[in-house]
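Worksheet: one structure, shown below.
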Number of protein chains: 2
Amino acid sequence: MEYSTFGRHVAVDTWGVDFDKLNNAEWLESQLVEAAEISGACVMSVQSKQFEPQGATVLVLLSESHLSIHTYPEKGFAAIDCYTCGETVDPQLAIDYLVDVLQPEKTYAKKLIRGLGELQVEHPEMKTAVAAK
Amino acid sequence: MEYSTFGRHVAVDTWGVDFDKLNNAEWLESQLVEAAEISGACVMSVQSKQFEPQGATVLVLLSESHLSIHTYPEKGFAAIDCYTCGETVDPQLAIDYLVDVLQPEKTYAKKLIRGLGELQVEHPEMKTAVAAK
């Protein structure tokens, strides 16, 4: 079987998110798995860490690459990445789902097109949050 | 304790890498852990997957965020990300180490500055490989 190196990598910084959502690694893990499945990706395994006194990281290993979140609950901040290789899975669907559940006041996003040569940088359309100008 | 949301995220596509290096999840895992430690990051846990008929993914969960690789041995291609929050760990050191051991013929890289507002995109200096123009 021939695999394509083409991949889309959406990196989103979210601000103004509820402390309790960002400080719950277990809840975040379930949301990331749901987001991955909604995008059509295949979840292989999950790693997560609840930090003290606050903060969480979840890394989801996908057949198609990865989905991650790192949170700073005290700042209302979370950095999310979804990188998927191939044409069939759209990482933006996973990002849109997470923005829906996290309800940030503001998001800043970039999309990298990878696996084709020079990395191309695009400004993705964000579905529900106030997009940065 | 106050944590900074400031983070540096280096995304590198490498080409022309030896098939056997890219098809060995166990070896890649040890190299990513070494790279993380060289950068001064703290490794919390590691997740890896050897794909069939070829290919590997390794995700390293750091105190400071994450380090990842996704490989396509049949294309000589690997996509590497190192994202570290705070000022003390420089993700470029981890990337430089991995380029040293993988010896790609060509690399294409972008660096995102995160956690400050709009994501800034920079073109990182790559230490040993032929940088894309």
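The values are calculated or read from the model by the stated rules, or taken from the named source; none is laboratory data. From a predicted model like this one, the values you see are computed outputs, not experimental measurements. With ideal geometry, Cβ positions are generated from the backbone for all residues, glycine too; neighbour counts draw on all protein chains shown. Side chains are part of the model used for accessible areas, which takes the heavy atoms of the whole protein and leaves out ligands, DNA and RNA. Shrake-Rupley method; radii C 1.70, N 1.55, O 1.52, S 1.80 Å.
Which angle between 0 and 90 degrees, to the nearest 10, do you get for helix B:25-38 versus the longest principal axis of chain B when only C-alpha atoms count? On a 0 to 90 degree scale, this one is about 30. With +1 on each Lys and Arg Cβ and -1 on each Asp and Glu Cβ, and nothing else charged, work out how big the dipole of chain A is about its Cα centre, in Debye to the nearest 20. For chain A, the charge dipole is close to 360 debye.
Accessible area of residue A:30 (1.4 Å probe, protein heavy atoms only, ligands and nucleic acids ignored): about 60 Å². Which angle from 0 to 90°, rounded to the nearest 10, does the C-alpha axis of helix B:91-102 make with the longest principal axis of chain B? It is inclined by approximately 10 degrees. When chain B is treated as a Gaussian network with alpha carbon springs shorter than 10 Å, the biggest mean-square fluctuation among B:18, B:81, B:90 belongs to B:18. Report the Cα centroid-to-centroid distance between the stretch A:1-31 and the stretch B:1-51 in angstrom, as an integer. Using only Cα atoms to place each centre, the spacing works out to 18 Å.
Please find, in a Gaussian network model of chain A (springs between Cα atoms separated by less than 10 Å), the residue of A:104, A:53, A:91 whose mean-square fluctuation is greatest. Answer for the Gaussian network model of chain A: A:53. With a 1.4 Å probe rolled over the protein heavy atoms of all chains, the accessible area of A:8, A:114 falls in the order A:8, A:114, largest first.
Given +1 on the Cβ of Lys and Arg, -1 on the Cβ of Asp and Glu, and no further charges, what dipole in debye does the protein assembly as shown carry about its Cα centre, rounded to the nearest 20?
Numbers: 20 positive and 40 negative charges, 119 e Å.
Dipole size: approximately 580 debye.
Distance between the pseudo-spin-label points of residue B:122 and residue B:42 (7 Å out from Cα toward the beta carbon): 2.5 nm.
Measuring with a 1.4 angstrom probe and ignoring ligands and nucleic acids, residue A:48 comes out at about 50 Å² accessible.
Here the ratio of the Cα radius of gyration of the stretch B:23-133 to 2.2 N^0.38 Å is 1.05.
When the listed pairs A:106/B:21; A:49/B:111; A:75/B:75; A:49/A:111 are checked against a 32 Å cut-off, the alpha-carbon distance exceeds it for A:106/B:21; A:75/B:75. The radius of gyration of the Cα set in the protein assembly as shown, together with its Dmax, comes out at 16.7, 51 angstrom. Only helices enter the 222 nm calculation for chain A: every DSSP H run of n ≥ 4 contributes -39,500 (n - 2.57), and dividing by all residues gives -7000 deg cm²/dmol, rounded to 500. The residues neighbouring residue A:43, those whose beta-carbon lies less than 12 Å from its own, together hold a net charge of -3 under the Lys/Arg +1, Asp/Glu -1 convention. Here residue A:33 sits with roughly 40 square angstrom of accessible surface, probe radius 1.4 Å. List the distances, in nm and shortest first, from the label point of residue B:38 to the matching label points in every other copy, placing each point 7 Å from Cα along the Cα-to-Cβ direction. Reported distances to equivalent positions: 4.0 nm.
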